[in-house]
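Before any comments, here is the structure.
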Amino acid sequence: MQYAIEMYYDPATERNLFRLAKRVADEKLSQTFLKWKTRPHLTLACFNDVDEQACMERLKAFAKTHKTMPVEIASVGMFNDTRTIFASPVMNGELYRFQKELHVCLSGFDTTGWEWYCPDRWVPHCTLALTKEDGDDAFYRASELILREFRKISGTLVSVGLVKITFPVREIGIAELEG
């Protein structure tokens, strides 16, 4: 089974990002992202398999040693090969160190095939639309909608969680960062 470690936003930021994803669905351009029943997040790491209990114990210990951090979500991007549209945080040293230290904390779990979520190769992004199954027109129309409606968002990253990548996504547990 596959797993991901996700980082979550404060409630107001999460609502702002979710509103954009919902607009894509409301316009009937793509419903796929909403069908996954996941919340807006940054994926920090992906693993082929983990011991859920051991992973959550490590994640909770890690969260206790890290503080919430401000985040500026200032741009929109896309992965053309997967037809994914996303919002991007401004990368800074604190976010980079956090992700790198998390990988050290969770070393030993199999990341084979998930290299794009490893340190030095990570593209931090918050998915807003998954249009690959909807065709080119949906991709271009959803991109236009998001580009037109996106505004820079200032928020806070407040917690990390372990999810099982199933359909829909299943949240295993969340660890709050120190305030």
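Tabulated results
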| read-out | value |
| --- | --- |
| Criterion (of a type in the set (Gly, Ala, Ser), surrounded by 16 or more Cβ atoms within 10 Å (Cβ to Cβ) and in contact (Cβ under 8 Å) with a residue 60 or more places away in the chain) met by exactly one of Ala25, Ala21, Ala74 | Ala21 |
| Search result, residues across segment 114-137 that are part of a loop (DSSP other than H, G, I, E, B) and within 19 Å of the chain's Cα centre (by Cα) | Trp114, Cys118, Pro119, Asp120, Arg121, Trp122, Val123, Pro124, His125, Thr131 |
| Failed condition for Arg148, given (1) buried (at least 16 other Cβ atoms within 10 Å of the Cβ); (2) more than 17 Å from the chain's Cα centre (by Cα); (3) closer than 18 Å to Arg23 by Cβ | (1) |
| Qualifying residue in segment 104-113 (condition: of a type in the set (A, V, I, L, M, F, W, C), exposed (fewer than 15 other Cβ atoms within 10 Å of the Cβ), modelled with pLDDT under 95 and in a loop (DSSP other than H, G, I, E, B)) | no |
| Members of segment 80-102 that are surrounded by fewer than 18 Cβ atoms within 10 Å (Cβ to Cβ), in contact (Cβ under 8 Å) with a residue 24 or more places away in the chain and not hydroxyl-bearing (Ser, Thr, Tyr) | Met91, Glu94, Glu101 |
| Qualifying residues in segment 114-123 (those that are in contact (Cβ under 8 Å) with a residue 60 or more places away in the chain and surrounded by fewer than 19 Cβ atoms within 10 Å (Cβ to Cβ)) - the one farthest from Gln31 (Cα to Cα) | Cys118 |
| Looking only at segment 138-179, and only at residues there that are outside any strand (DSSP E or B) and among the polar types (S, T, N, Q), the one that is nearest to Cys46 (Cα to Cα) | Thr166 |
| Failed criterion for Val163 (all others in (1) closer than 14 Å to Leu17 by Cβ; (2) surrounded by 15 or more Cβ atoms within 10 Å (Cβ to Cβ); (3) touching a Lys or Arg at 6+ places or on another chain (Cβ under 8 Å); (4) not hydroxyl-bearing (Ser, Thr, Tyr) hold) | (1) |
| Strands (runs of 3 or more DSSP E) fully within segment 3-99 counting 1 or more residues that are among the hydrophobic types (A, V, I, L, M, F, W, C), touching a helix residue (DSSP H, G or I) at 6+ places or on another chain (Cβ under 9 Å) and over 24 Å from Ile172 (Cα atoms) | 69-79, 84-89 |
| Subset of segment 108-158 [in contact with a strand residue (DSSP E or B) (Cβ under 6 Å, 6 or more places away or on another chain), aliphatic (A, V, I, L, M) and closer than 16 Å to Leu34 by Cα] | Leu128, Ala129, Leu130, Ala142, Ile146 |
| Within segment 32-63, considering residues that are free of Cβ contacts under 8 Å to residues at least 60 places away in the same chain and surrounded by fewer than 19 Cβ atoms within 10 Å (Cβ to Cβ), the one nearest to Gly113 (Cα to Cα) | Asp51 |
| Matching residues, segment 98-107, being out of contact with any strand residue (DSSP E or B) (no Cβ under 6 Å at 6 or more places or on another chain) and polar (S, T, N, Q) | Ser107 |
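The values are calculated or read from the model by the stated rules, or taken from the named source; none is laboratory data. Bear in mind that the values here come from a model prediction, so they are computed numbers and not experimental data. Neighbour counts are summed over all protein chains in view; Cβ atoms, including those assigned to glycine, are modelled from backbone coordinates with ideal geometry.
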